[in-house]
Amino acid sequence: MIPSPALRPRRIVTMLISVLAIAVSGVIVGCAAAVAWGGPKDIPPLASINNPFRDVDYSKVPKVQRYTARDGTSLAWYGYTPAPSATTAPARRVVLVHGSSARGQSMHVLAQALAAEGFAVAALDMRGHGESGVRGQAAYVGQMEDDVEDFLRAVPHTGPQTLMGFSAGGGFALRFAGDARQDLFDRYVLLSPFVHHNAPTSRPDSGGWASVGLPRIVALTVLNQIGISRWNDLPVLRFALNDVARSLLTPSYSYTVATNFRPHNDYQNDIRNARGTICIVAGQDDELFYADRFTDLFSQAGKPVPVTLVPGVNHMGLTLDDVAVQAVAQACKA
């Protein structure tokens, strides 16, 4: 029996609905699989990141201090008193943000050098790091910006202020510089900043420092776009720490922390929107990023900035080497 012409459109619609249902089911299954099994893999320790801290003298690290964020969480920071100055003007304060996986104490050598040059320094344990909350976790994207604002309110400073960030912390400083609260600081110093995994400055897998759970990131991004965030606490980044460092630092990041502790996805917009003074300092031998590409990256995004490359210095050396930390201190004065 041949179907009547009137029945054919109904049959076509039914077939299309069936095909669409199968496609949607496939997307759901694929998304669920990516969330469940698409996380980061274990990677071997990266010696150039782990080993330099063996010789650091932490005996003069200041006593940890605390402030309360707007959600009631107690967050940690370390204060370094500036060397005496001949002027009566308040010292410039440098709010110092560590790199990925790290904590405020990892900035001790640099913080001491900055204080010796007359800067008041506040080295933060960013949320999800050190003694600030559950390691690798945050409640929502944007909470880290809220925390910095809460610190400035809880620990006020009468002088001018610089936000300085290293590596992922440098990326976070760029995020802050291009966002609505940028006027809380008049200067931004980016130390070998992570800009974006697709930026021309990024080496593959950050030079072996990070394992990225790309399928999980993609799936969670899709889910977040439709308002589903219940799995944002799952790990999407794992770092190349040795056993000793893994017990002290943050071995992995949840989707929330990984998304927040970096520039926005449109990092070029962050660069364009930044109104404050920005400068970059990096080691010429940086093994995580292509340091010689920072100048062009910022120029092409519409905001040329001064870039200082320190000869003979790699990624971690930028915060530990005597010559490097002096170069950073001079950049703060420029």
Could you please tell me which pairs satisfy a Cβ distance under 9 Å, a separation of 6+ or placement on different chains, a first residue in region 192-219 that is basic (Lys, Arg), and a second residue that is outside any loop (DSSP other than H, G, I, E, B)?
Arg203/Phe289; Arg216/Ala34; Arg216/Val35; Arg216/Ala36; Arg216/Trp37; Arg216/Pro235; Arg216/Val236; Arg216/Tyr255
State all residues of region 140-167 that are hydrophobic (A, V, I, L, M, F, W, C), within 16 Å of the chain's Cα centre (by Cα) and open to solvent by 10 Å² or more (accessible area, probe 1.4 Å); if no residue qualifies, say none.
Val141
Among (1) open to solvent by less than 50 Å² (accessible area, probe 1.4 Å); (2) part of a loop (DSSP other than H, G, I, E, B) - the single one Trp231 does not satisfy
(1)
Selection over region 195-217 where residues are in a helix (DSSP H, G or I), open to solvent by 60 Å² or more (accessible area, probe 1.4 Å) and of a type outside the set (Asp, Glu) yields a count of 2
Looking at Ala83, Ala69, Ala89, which one is open to solvent by less than 20 Å² (accessible area, probe 1.4 Å) and among the small types (Gly, Ala, Ser)?
Ala69
By residue number, the members of region 179-201 that are over 17 Å from Val305 (Cα atoms) and of a type in the set (Asp, Glu) are Asp179, Asp183
Selection count, region 110-157, where residues are in contact with a helix residue (DSSP H, G or I) (Cβ under 8 Å, 6 or more places away or on another chain) and free of Cβ contacts under 8 Å to residues at least 12 places away in the same chain:
0
For region 109-123, the count of residues that are more than 21 Å from Asp147 (Cα to Cα), assigned to a helix (DSSP H, G or I) and not polar (S, T, N, Q) equals 6
Select, from Gly142, Gly159, the only residue that is at positive phi and out of contact with any Gly (no Cβ under 7 Å at 6 or more places or on another chain).
Gly142
For region 115-133, does any single residue satisfy the condition of being of a type in the set (Val, Ile, Thr) and out of contact with any strand residue (DSSP E or B) (no Cβ under 7 Å at 6 or more places or on another chain)?
no
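Residue-by-condition table, conditions (1) of a type in the set (Asp, Glu); (2) closer than 26 Å to Arg93 by Cα; (3) part of a loop (DSSP other than H, G, I, E, B):
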| position | (1), (2), (3) |
| --- | --- |
| Arg246 | no, no, no |
| Asp270 | yes, yes, no |
| Arg275 | no, yes, yes |
| Asp296 | yes, no, no |
| Lys303 | no, yes, yes |
| Val325 | no, yes, no |
| Val328 | no, yes, no |
When Asp292 is run through (1) part of a helix (DSSP H, G or I); (2) closer than 15 Å to Phe166 by Cβ, the failure sits at (2)
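Residue by residue, here is whether (1) of a type in the set (Asp, Glu); (2) modelled with pLDDT under 95; (3) in contact with a strand residue (DSSP E or B) (Cβ under 8 Å, 6 or more places away or on another chain); (4) outside any loop (DSSP other than H, G, I, E, B) holds:
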site: Pro3; (1), (2), (3), (4): no, yes, no, no
site: Arg11; (1), (2), (3), (4): no, yes, no, yes
site: Thr14; (1), (2), (3), (4): no, yes, no, yes
site: Ile22; (1), (2), (3), (4): no, yes, no, yes
site: Arg66; (1), (2), (3), (4): no, no, yes, yes
site: Pro84; (1), (2), (3), (4): no, yes, no, no
Taking Arg70 and the conditions (1) part of a loop (DSSP other than H, G, I, E, B); (2) touching an Asp or Glu at 6+ places or on another chain (Cβ under 9 Å); (3) under 27 Å from Asn242 (Cα atoms), which numbered condition does it fall short on, given that it satisfies the others?
(3)
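The values are calculated or read from the model by the stated rules, or taken from the named source; none is laboratory data. It should be emphasised that the depicted structure is a prediction, and the values quoted were computed from it without experimental measurement. Ideal geometry is used to build each Cβ from the backbone, glycine not excepted, and the neighbour counts take in all protein chains shown. Heavy atoms of the whole protein, side chains included, go into the accessibility calculation; ligands, DNA and RNA do not. Shrake-Rupley method; radii C 1.70, N 1.55, O 1.52, S 1.80 Å.
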